[in-house]
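Enquirer: I have a structure here, written as C-alpha cells, and I will follow up with some questions on it.
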Amino acid sequence: MIDIKTGLLIWSLEAASLSAMLLGLWIFVRRSPTLLFWCIGSGLHGLGLAGVAMRGYLPDFISIQVANTSATFGIGLLLAGVLSLDSRPVSFTIFIPAFIWTGGMLFPEIRETLYARIALYHTAAVIGHGLTGMALLQRGGLLSKTRSGLAAMFFLQATLSVTMIVIVLLYKPPTFADIPYAPPLAGVAALCVVGMLVFGTRLMMIDNEDRLKRLAATDPLTGLLNRRGFENAFDTLNATSIPGRPLVALAHLDLDHFKRINDAHGHHAGDSVLVTFARIMDAVMAGRGVVGRLGGEEFACALRVSSAADAVEVTSRIREALRHTPIPVSGTDIIVSACAGIAMAPKGTTLFSLLDGSDRALYAAKRAGRDRIGLDCEDGVAIVSLEDEAAIGDSTDRQVAALHHMGLIGRGG
C-alpha cells in the first residue's frame, strides 16, 4: 500500500493536471472567470499538497506554513469559480479556509504539533468544500444531475476531512507514517478530484450551451431580447395564469423620425438613442412583462393586464420617460419621441395575431401625427391623445372618463 506522502503527491499531480487542462480551455476556448478561478485554485491546491509531501526536503516554513496556505487558498478559489459561474458576487467567503489555517497557526500549541496542524488544515478544508457544495445547490430552479454530482464530490471531500480530523484527534500521530487509514483516505480524495474533473467539465459545457442560447436570443446592441427571444418569452408569458389579469397586451413602439437622427448625426448617434430607449423600456417594465427589440427602431413589450387602461398607462410611462430623457448626441442633447400601437386579447392568443393588431394601431398613430398611442379595437383604432394618456395614468375616476372620451367603454377593447 502506498504511504501518505506518495498519496499526497498523486493527489497534487492530479490537481496540477486539472489546472493545466483548465488553463488550456481558458486560453483556447473561452476566457471566463470561472475557468480562471478553477485553474488557479486547482494549481495552488496541488502545489500546496506537493509542498506538504516534500516535508523533510524543504524548509519547514515552506512545507508547512506556505504549502498549507496555498492549499487552503486554492480551495477558496474553487468556491469563487462556482460563484462566478452563477454570476454571483465573489465575496470574502472565499478567503475563509485560508484565514482559518493562518489564524490557527498563530497558536504555538497548534503550530508545534503535527496532529493539531492536520486537524486545523482539514477544518479549513471542511468549511471550504462545504461552502462550495452549498453554493452549487443554491441555484434557483431545478438542479441538474451534473450540478448535484459536482456538489456531491465537494461534500464527499468535506466528509473525508471530517474523518481525518476524528482520526488524528483520537490517535494523535507523531508523524505522517503513524496516521491510521491515511493512504485509503488519500486515495478516495484523489478519486474525488477525478469526479470533480468529470462533473466540472460537464457543468462548464452546459453553461456554455446556455450562454450560446442566451446570445442567440439577445439583441447585441441593446441587450434586450431579439425577435426570436421575444417570441419565446411571449409564449411563456401567454401560458401563465395571473389572477386579475386575464388579458395579454402587446405594445409595439417605434421611434419617431429615427432616420433623420442617423442622417444628421450618424449611425453612432442612432445607436446611442436605441440603447437609451431600451434602458428606459426595461426600467419602466421592471419585470412586469417581456421587452424586446424587433428590428431597427421597432421595439415591443408584452404584459398581462386587466383592462385597456393598464396597457395604455404602462406604454404612456415609457413614452413619457423617453420625452424627458435628453440624449447626448454630437455635443448636444436631443429629445426623442415615440409612437405606439397596442393590441389586446384574452390569454391564449398568438403573438402574430397581436402583432397584426398592434401594427394597425401603430401606423394609425403615425398617420395621426406621431408621438401618440393607437389602440386596436374591434371596430377600428382609437387614437389616444396626450391628455387622455395623462388621465389614464391618474386616478380611477379619470381613467373611466378618459376611456369614455376615447369611446372605448363598451367597445370590447
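The values are calculated or read from the model by the stated rules, or taken from the named source; none is laboratory data. The model shown is predicted, which means the values in this text are computed figures rather than measured ones. Because the Cβ atoms are built from the backbone with ideal geometry, glycine has one as well, and the counts that use them run over all protein chains shown.
Enquirer: Considering (1) part of a strand (DSSP E or B); (2) out of contact with any Asp or Glu (no Cβ under 9 Å at 6 or more places or on another chain), say which one LEU303 fails and leave the rest.
Expert: Here LEU303 meets the rest and fails (2).
Enquirer: Please tell me if ALA67 is crowded, with 17+ Cβ neighbours inside 10 Å, in a helix (DSSP H, G or I) and touching a Gly at 6+ places or on another chain (Cβ under 6 Å).
Expert: Considered against the rule, which asks whether it is crowded, with 17+ Cβ neighbours inside 10 Å, in a helix (DSSP H, G or I) and touching a Gly at 6+ places or on another chain (Cβ under 6 Å), ALA67 comes out as yes.
Enquirer: Would you be able to tell me the number of residues in the range 213-249 that are closer than 11 Å to GLY292 by Cα and of a type in the set (A, V, I, L, M, F, W, C)?
Expert: 6
Enquirer: Looking at (1) within 24 Å of GLY357 (Cα to Cα); (2) more than 29 Å from the chain's Cα centre (by Cα), can you tell me which one LYS259 breaks?
Expert: (1)
Enquirer: Further question: Evaluate the following for ARG139: is it surrounded by fewer than 18 Cβ atoms within 10 Å (Cβ to Cβ) and in the same structural domain as GLY104 (by TED's automatic domain parsing)?
Expert: Yes; evaluated as a whole, the condition is true for this residue.
Enquirer: Which residue out of ALA269, ALA251 is in the same structural domain as ARG293 (by TED's automatic domain parsing), surrounded by 13 or more Cβ atoms within 10 Å (Cβ to Cβ) and in a helix (DSSP H, G or I)?
Expert: Of ALA269, ALA251, the one residue that is in the same structural domain as ARG293 (by TED's automatic domain parsing), surrounded by 13 or more Cβ atoms within 10 Å (Cβ to Cβ) and in a helix (DSSP H, G or I) is ALA269.
Enquirer: For the range 135-147, state whether one or more residues are closer than 15 Å to GLY76 by Cα and free of Cβ contacts under 8 Å to residues at least 40 places away in the same chain.
Expert: No.
Enquirer: Restricting to the range 351-371, and then to whatever is of a type in the set (Asp, Glu) and in a helix (DSSP H, G or I), can you tell me which residue is surrounded by the most Cβ atoms within 10 Å (Cβ to Cβ)?
Expert: Looking at residues that are of a type in the set (Asp, Glu) and in a helix (DSSP H, G or I), I get ASP359.
Enquirer: Can you tell me which residues in the range 224-260 are more than 18 Å from ALA343 (Cα to Cα) and among the acidic types (Asp, Glu)?
Expert: Once the filter is applied, which keeps residues that are more than 18 Å from ALA343 (Cα to Cα) and among the acidic types (Asp, Glu), the range 224-260 yields only ASP256.
Enquirer: Given the conditions (1) surrounded by 19 or more Cβ atoms within 10 Å (Cβ to Cβ); (2) assigned to a helix (DSSP H, G or I); (3) within 24 Å of the chain's Cα centre (by Cα), report the number of the one that ASP282 does not fulfil.
Expert: Unmet for ASP282, out of (1) surrounded by 19 or more Cβ atoms within 10 Å (Cβ to Cβ); (2) assigned to a helix (DSSP H, G or I); (3) within 24 Å of the chain's Cα centre (by Cα): (1).
Enquirer: May I ask you to list the residues in the range 372-398 that are of a type in the set (D, E, K, R) and either surrounded by 18 or more Cβ atoms within 10 Å (Cβ to Cβ) or modelled with pLDDT of 90 or more (or both)?
Expert: Residues satisfying the conditions are ARG372, ASP376, ASP388, GLU389.
Enquirer: For the range 145-183, enumerate the residues that are in contact with a Leu (Cβ under 8 Å, 6 or more places away or on another chain) and assigned to a loop (DSSP other than H, G, I, E, B).
Expert: Result: PRO173, PRO174, THR175.
Yes or no, residue by residue, for (1) part of a strand (DSSP E or B); (2) under 32 Å from the mean Cα position of the chain (by Cα):
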| position | (1), (2) |
| --- | --- |
| ALA311 | no, yes |
| VAL314 | no, yes |
| ARG317 | no, yes |
| GLU320 | no, yes |
| THR325 | no, yes |
| ASP333 | yes, no |
| ALA340 | yes, yes |
| THR349 | no, yes |
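Enquirer: Can you find a residue that is at pLDDT below 85, in a helix (DSSP H, G or I) and buried (at least 19 other Cβ atoms within 10 Å of the Cβ) anywhere in the range 204-212?
Expert: yes
Enquirer: Here are the criteria: (1) over 26 Å from LEU83 (Cβ atoms); (2) in contact with a helix residue (DSSP H, G or I) (Cβ under 6 Å, 6 or more places away or on another chain). Tell me which single one ILE242 does not satisfy.
Expert: The single condition ILE242 does not satisfy is (2).
Enquirer: On to the next question. Could we say that ALA190 is part of a helix (DSSP H, G or I) and in contact with a Phe, Trp or Tyr (Cβ under 6 Å, 6 or more places away or on another chain) here?
Expert: yes
Enquirer: Is it true that ALA264 is at pLDDT below 95 and more than 28 Å from the chain's Cα centre (by Cα)?
Expert: Taking the combined requirement at face value, the residue satisfies it.
To keep it simple, each residue is scored yes or no on (1) in a helix (DSSP H, G or I); (2) assigned by TED's automatic domain parsing to the domain that holds ALA151; (3) among the polar types (S, T, N, Q); (4) crowded, with 16+ Cβ neighbours inside 10 Å.
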residue	(1), (2), (3), (4)
LEU9	yes, yes, no, yes
GLU14	yes, yes, no, yes
LEU18	yes, yes, no, yes
ILE27	yes, yes, no, no
ARG30	no, yes, no, no
ILE96	yes, yes, no, yes
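Enquirer: Would you confirm, using the coordinates I've provided, whether SER306 is closer than 16 Å to PRO246 by Cα, of a type outside the set (A, V, I, L, M, F, W, C) and in contact (Cβ under 8 Å) with a residue 24 or more places away in the chain?
Expert: The answer is yes for SER306.
Enquirer: Every residue in the range 117-134 that is hydrophobic (A, V, I, L, M, F, W, C), farther than 15 Å from VAL52 by Cβ and crowded, with 18+ Cβ neighbours inside 10 Å, please.
Expert: Within the range 117-134, VAL126, ILE127, LEU131 meet the criteria.
Enquirer: Now for a different question. For THR222, state whether it is part of a loop (DSSP other than H, G, I, E, B), assigned by TED's automatic domain parsing to the domain that holds TYR363 and farther than 26 Å from LYS347 by Cβ.
Expert: No, not satisfied.
Enquirer: Another question, if that's okay. Looking at LEU160, LEU170, which is the one that is closer than 23 Å to PHE73 by Cα and in the same structural domain as LEU9 (by TED's automatic domain parsing)?
Expert: Exactly one residue qualifies, and that residue is LEU160.
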